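Structure first, commentary second.
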Amino acid sequence: MAGARDSLRLSVDQVTARLDPGAFRFQTTDEIHTVEAVFGQERAVRSIEFALGMQQPGYNLFAAGPEGIGKSTIVESFLRSRASQMPAPPDWVYVHNFEEPDAPIAISLPAGRGRSFAEQVETTVESASNELRRAFESDSYARRRQEVAGQIEQERSDLLERLQGQARELGFLLQLTPQGINSAPLIDGKAITDEQFEQLTEQQREGFQQAGQQLEKIVQESMLQMRGVERSAQDRFRELDEGVASFAIGPMFDELLQEFGGNGKVEAFLRAVRADIQKERDRFREQEQQRPMVPGMVMPQQPAQPATRKYEVNAVICNDPEGGAPVIRERHTTYYNLIGRLEFQNQMGMLITDHTMIRAGALGNANGGFILLRLRDLLANAPTLEALKRALGTRELVIENMGEAFGLIPTGRLRPEPIPLDVKVVITGEPTLYSLLYRLDPDFRELFRVKADFDLEFVRDKENVEGLASYVQSRCAQEGLKCFSAGAVARLVEHSSRMVEDRTKLSANLGSFLDIVRQADYWAGVDGDTTVDARHVGRALEERTYRSALVRDRIAEAIADGDIYVETHGERVGQINALSVYDLGDISFGRPSRITCVTSAGRGTIVMIDRESDLSGPIHNKGFLILRGFLANRFGMNRAGSLHASLTFEQQYGQIDGDSASSTELYALLSSLAERPIDQRIAVTGSVDQLGRIQPIGGATAKIEGFFEICRERGLDGTQGVMVPKANIDNVVLRPEVADAVESGRFHVWAVETIEQGIEVLMGISAGERGDDGQFPDGTLYRLVEDRLEAFRQQLSQQPPQAGAPEAPPHIATPQPQPSMPPGIPPEPPPEPPVIV
């Protein structure tokens, strides 16, 4: 037994991830130069570079990986580096469409010119309105208008005088009244009354009647000529006003046309503005004041619609001409934040909108550059994802409100001209979500053809260790943290290996890693130190564990008080200490659990009480069913079918799963069959196959440390330890306290490859190999087991078979997990049940 334990015992170097601080070429991180290069994510980096280099549509990037590994930060650094080498994209403005007022026009301008163009137009329009007032209020305009008015009045007078002369020739006098033109017959140059007209002879009256009919035709013709004069007057006044307005504002717009010449849309807009101002010149000649409809009534103050509102230029997308391409990281991805919106204004109880209320979203602001989004935000707002796919598919940005984009009933609305879209979209999210969308959404598959897979871990080599040290330095500089000593960085590197449970790897979860950096800085401040040392890192880790370890400590108390029965001394037949892991999310820890086994003669039934009680999961059931295959392989089906065995996890009342206890159950079964005791000072974990090979499991470090805690409380005597699969050697990264106990020989870790090696460690007896005679050697465990099975077979052969002998249940129930809580533990269970992993 001593020989097997000595040869299979692991050294302290095999169970730790220690790093000598002397390996660093610095004393503190202040001496490190910041390295911008990304370390440890070569596959992702190549994918990012490929996606950024591809200019064809559809090669947008999906950065896949769990939260906290820094993928957004890495991608953003690449985007900003690439964007700084690219020219700034053009600005975009919206202007009023004078032909179709509900369809504002989008105009592209060189980067940095959007706002200046809007300001220049505003200044020009304001100057034009002022110049119009001055022009129409000038003395010269008044004189010219009087001249025109005098000419028109003279024409009217001449026309009336001529008409009056024609009337006198016909014997009538014309009288102009507000009701029209009246005529009266003349006798001796004087107008007669109606009574006098009746006293005239019949011949005289007939003569006046004929002359009156002729005069009526002349009056009608003269009235037509009078209306022509009035129309001519209006035309002449209009021509005068147009000439004055054109002379007043023409040079101002000529300057803008000259400055922004070459852009057809700009020229068309400026000419339309100039023409409209000339057309609407009367609105600029005087300021109209709103008056209440009812005397004494106070009108509610409403935002007035300025006369110049339709001439305003709305600079919706503006870029810095010296800033390169834009990089937008949208942290609150809603439809309106991404696509943009149309705002409304309340006027007299009515909601109105126009081109000045168009607002661009993050997608528009990133046009010509890059935008970084989170998939979970997009999935939380389904219309946002659909709008993004539509924009990328059409390569156009249509700014419209959500109700209009997805409404079923068409309504009158503002329809801004779409803006051509040229943007590289990067979405970050979990790999499983990408796989689902890639398989189920054809549009997503066509638009996001490049995936950058971020690894959860990377090789612990010199380059990556130095990269991690540089990362610590950069975060300290950015966040104003204290510098870290070489010893502190070495301790952080060790912790990084513990995070991935592999002493040959480092964790890519830089978010959790940075959390420890910040906490270590805090504890250094508490101690009044200016430099963070290894002890501050150690305290940060201890304090974090302590804050979350209430359930762990209560379970330990229950074991110490004897409420949970765990033996760590002596030997027992058919009893073994298995190891399980509690995963509570923020903390995981190991604890021992007793497995017991009772065997007797039977019909080949191996009963797992936990399975019969619906307390075991499918993976555990699979591992348990392997036991029968192992017995058949080692001892033959006839002998394996002659036993009845009952196994259980004692004092385990919740769901269990995982196959890491399968080897432990097999040891207990063999012990019971051979009636050979198992050393209770050793706890065991490991999966087994039907051929007896020990397979790797998860949570090896937590399991070892969990059993160590129990043994330490009861007193370490140099005989306790844990047996793990040899394949898990690299996965054992013990904390300093446990490592010190291993180094001093007060606690041990053994690694085995086969059940036979484990038998020697646990029971101090050789398992045995079949000789040429087909028998196991005397005194070996397998010989004891085979003899016991043979005795069971002979015992059964002398008894008549029982009708309906129970066999293994054909169905394995997998109820919903229920947490296991021993007596004395508070009723609130951990978020996750204990899992055998």
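For the range 519-535, indicate whether the set of residues that are within 29 Å of Leu52 (Cα to Cα), open to solvent by 50 Å² or more (accessible area, probe 1.4 Å) and either assigned to a helix (DSSP H, G or I) or modelled with pLDDT of 95 or more (or both) is non-empty.
Within the range 519-535 (the criterion being within 29 Å of Leu52 (Cα to Cα), open to solvent by 50 Å² or more (accessible area, probe 1.4 Å) and either assigned to a helix (DSSP H, G or I) or modelled with pLDDT of 95 or more (or both)), the answer is no, since none of the residues qualifies.
Name the helices (runs of 4 or more DSSP H) wholly within the range 195-302 that hold at least 1 residues that are modelled with pLDDT under 80, polar (S, T, N, Q) and under 29 Å from Ser157 (Cα atoms)? Explain how you work it out, then say what you get.
Working: elements: 202-259, 264-279, 282-285.
In the range 195-302, 202-259 are the helices (runs of 4 or more DSSP H) which contain 1 or more residues that are modelled with pLDDT under 80, polar (S, T, N, Q) and under 29 Å from Ser157 (Cα atoms).
Kindly establish whether Leu510 is at pLDDT below 90 and open to solvent by less than 40 Å² (accessible area, probe 1.4 Å). Give the derivation first.
On the way: at pLDDT below 90: yes; open to solvent by less than 40 Å² (accessible area, probe 1.4 Å): yes.
It is true that Leu510 is at pLDDT below 90 and open to solvent by less than 40 Å² (accessible area, probe 1.4 Å).
Residues are listed down the side, and each one gets a yes or a no for (1) surrounded by 13 or more Cβ atoms within 10 Å (Cβ to Cβ); (2) in contact with a strand residue (DSSP E or B) (Cβ under 9 Å, 6 or more places away or on another chain); (3) not basic (Lys, Arg):
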position: Asp13; (1), (2), (3): no, no, yes
position: Glu31; (1), (2), (3): no, yes, yes
position: Tyr59; (1), (2), (3): yes, yes, yes
position: Ala63; (1), (2), (3): yes, yes, yes
position: Gly68; (1), (2), (3): yes, no, yes
position: Gln85; (1), (2), (3): no, no, yes
position: Asp91; (1), (2), (3): yes, yes, yes
position: Val95; (1), (2), (3): yes, yes, yes
position: Asp102; (1), (2), (3): yes, no, yes
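Quick one: in the range 420-433, which of the residues that are closer than 19 Å to Pro57 by Cα and not in a strand (DSSP E or B) is nearest to the chain's Cα centre (by Cα)?
If we take residues in the range 420-433 being closer than 19 Å to Pro57 by Cα and not in a strand (DSSP E or B), then Val423 is nearest to the chain's Cα centre (by Cα).
List pairs: first in the range 424-445 and surrounded by 14 or more Cβ atoms within 10 Å (Cβ to Cβ), second of a type in the set (Lys, Arg), Cβ under 6 Å, 6+ apart or cross-chain?
Once the first residue is surrounded by 14 or more Cβ atoms within 10 Å (Cβ to Cβ) and sits in the range 424-445, its partners that are of a type in the set (Lys, Arg) give Thr428/Lys71; Thr428/Arg374; Tyr438/Arg445; Asp443/Lys389.
For every residue, the table says whether it meets (1) of a type in the set (D, E, K, R); (2) out of contact with any His (no Cβ under 9 Å at 6 or more places or on another chain); (3) open to solvent by 50 Å² or more (accessible area, probe 1.4 Å); (4) in contact (Cβ under 8 Å) with a residue 24 or more places away in the chain.
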site: Glu155; (1), (2), (3), (4): yes, yes, yes, yes
site: Asp158; (1), (2), (3), (4): yes, yes, yes, no
site: Arg162; (1), (2), (3), (4): yes, yes, yes, yes
site: Arg168; (1), (2), (3), (4): yes, yes, yes, no
site: Leu173; (1), (2), (3), (4): no, yes, no, no
site: Ile187; (1), (2), (3), (4): no, yes, yes, no
site: Lys190; (1), (2), (3), (4): yes, yes, yes, no
site: Gln196; (1), (2), (3), (4): no, yes, yes, no
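Which of the residues spanning the range 15-29 are part of a loop (DSSP other than H, G, I, E, B) and surrounded by 11 or more Cβ atoms within 10 Å (Cβ to Cβ)?
Quick first cut of the range 15-29, residues part of a loop (DSSP other than H, G, I, E, B) only: 15-20, 24-27.
Passing the criteria: Val15, Thr16, Ala17, Arg18, Leu19, Phe24, Phe26, Gln27.
Only one of Ser474, Ser512, Ser497 is in contact with a Lys or Arg (Cβ under 7 Å, 6 or more places away or on another chain) and on the phi < 0 side of the Ramachandran plot. Can you tell me which?
Working: Ser474 fails: in contact with a Lys or Arg (Cβ under 7 Å, 6 or more places away or on another chain); Ser512 fails: in contact with a Lys or Arg (Cβ under 7 Å, 6 or more places away or on another chain).
So the residue among Ser474, Ser512, Ser497 that is in contact with a Lys or Arg (Cβ under 7 Å, 6 or more places away or on another chain) and on the phi < 0 side of the Ramachandran plot is Ser497.
For the range 339-350, give me each residue that is of a type in the set (A, V, I, L, M) and more than 23 Å from Ile105 (Cβ to Cβ). Working first, answer last.
Initial filter on the range 339-350 (of a type in the set (A, V, I, L, M)): 339, 342, 348, 350.
Scanning the range 339-350 gives Met348, Met350.
Quickly run through the range 135-145 and pick out the residues that are surrounded by 11 or more Cβ atoms within 10 Å (Cβ to Cβ) and either within 12 Å of Val229 (Cα to Cα) or not hydrophobic (A, V, I, L, M, F, W, C) (or both). So that I can check it myself, show each step before the final result.
Here is the first cut: in the range 135-145, the residues surrounded by 11 or more Cβ atoms within 10 Å (Cβ to Cβ) are 135-138, 141-142, 144-145.
Across the range 135-145, the qualifying residues are Glu137, Ser138, Tyr141, Arg144, Arg145.
Could you check the range 339-392 and list, in sequence order, the residues that are more than 28 Å from Asn97 (Cβ to Cβ), open to solvent by 50 Å² or more (accessible area, probe 1.4 Å) and among the hydrophobic types (A, V, I, L, M, F, W, C)?
Selection gives Leu379, Ala380, Ala382.
Just to be sure, is Leu734 in contact (Cβ under 8 Å) with a residue 24 or more places away in the chain and under 30 Å from Gln795 (Cβ atoms)? Step through it out loud before you land on a result.
Numbers: in contact (Cβ under 8 Å) with a residue 24 or more places away in the chain: yes; under 30 Å from Gln795 (Cβ atoms): no.
Here the answer is no, as Leu734 does not meet what is asked.
If you take the residues in the range 446-459 that are assigned to a strand (DSSP E or B) and open to solvent by less than 50 Å² (accessible area, probe 1.4 Å), which one is farthest from Leu61 (Cα to Cα)? Please lay out each step first, then the result.
So the first thing to find is which residues in the range 446-459 are assigned to a strand (DSSP E or B), and the list is 448, 450-453, 457-459.
Adding the requirement that they be open to solvent by less than 50 Å² (accessible area, probe 1.4 Å) leaves 448, 450, 452, 458.
Numbers: Phe448: 6, Val450: 5, Ala452: 7, Phe458: 22 Å.
Only one residue fits best here, namely Phe458.
Testing Ile729 on (1) open to solvent by less than 20 Å² (accessible area, probe 1.4 Å); (2) under 51 Å from the mean Cα position of the chain (by Cα); (3) at negative phi, one condition comes back false. Which one is that?
It is condition (1) that Ile729 fails.
Please state which of the following conditions Arg591 fails to meet, knowing it meets all the rest: (1) in contact with a helix residue (DSSP H, G or I) (Cβ under 8 Å, 6 or more places away or on another chain); (2) within 30 Å of Leu643 (Cβ to Cβ); (3) of a type outside the set (Val, Ile, Thr).
(2)
Given (1) touching a Ser or Thr at 6+ places or on another chain (Cβ under 6 Å); (2) under 30 Å from Met499 (Cβ atoms), identify the lone condition not met by Asn731.
(1)
Is it the case that the range 473-489 has a residue that's more than 21 Å from Gly68 (Cα to Cα), out of contact with any strand residue (DSSP E or B) (no Cβ under 7 Å at 6 or more places or on another chain), surrounded by 19 or more Cβ atoms within 10 Å (Cβ to Cβ) and not aliphatic (A, V, I, L, M)?
Within the range 473-489 (the criterion being more than 21 Å from Gly68 (Cα to Cα), out of contact with any strand residue (DSSP E or B) (no Cβ under 7 Å at 6 or more places or on another chain), surrounded by 19 or more Cβ atoms within 10 Å (Cβ to Cβ) and not aliphatic (A, V, I, L, M)), the answer is yes, since at least one residue qualifies.
Go through (1) touching a strand residue (DSSP E or B) at 6+ places or on another chain (Cβ under 7 Å); (2) at pLDDT 95 or above; (3) surrounded by 19 or more Cβ atoms within 10 Å (Cβ to Cβ) one by one and return the number of the condition Val573 breaks.
So Val573 meets the others, but not (3).
The values are calculated or read from the model by the stated rules, or taken from the named source; none is laboratory data. Keep in mind the model is a prediction, meaning the values are calculated, not measured. Please note: Cβ atoms are built from the backbone with ideal geometry, for glycine as well, and neighbour counts cover all protein chains shown. When the accessible area is computed, the model is the full protein with side chains, heavy atoms only, and any ligands, DNA or RNA have been set aside. Shrake-Rupley method; radii C 1.70, N 1.55, O 1.52, S 1.80 Å.
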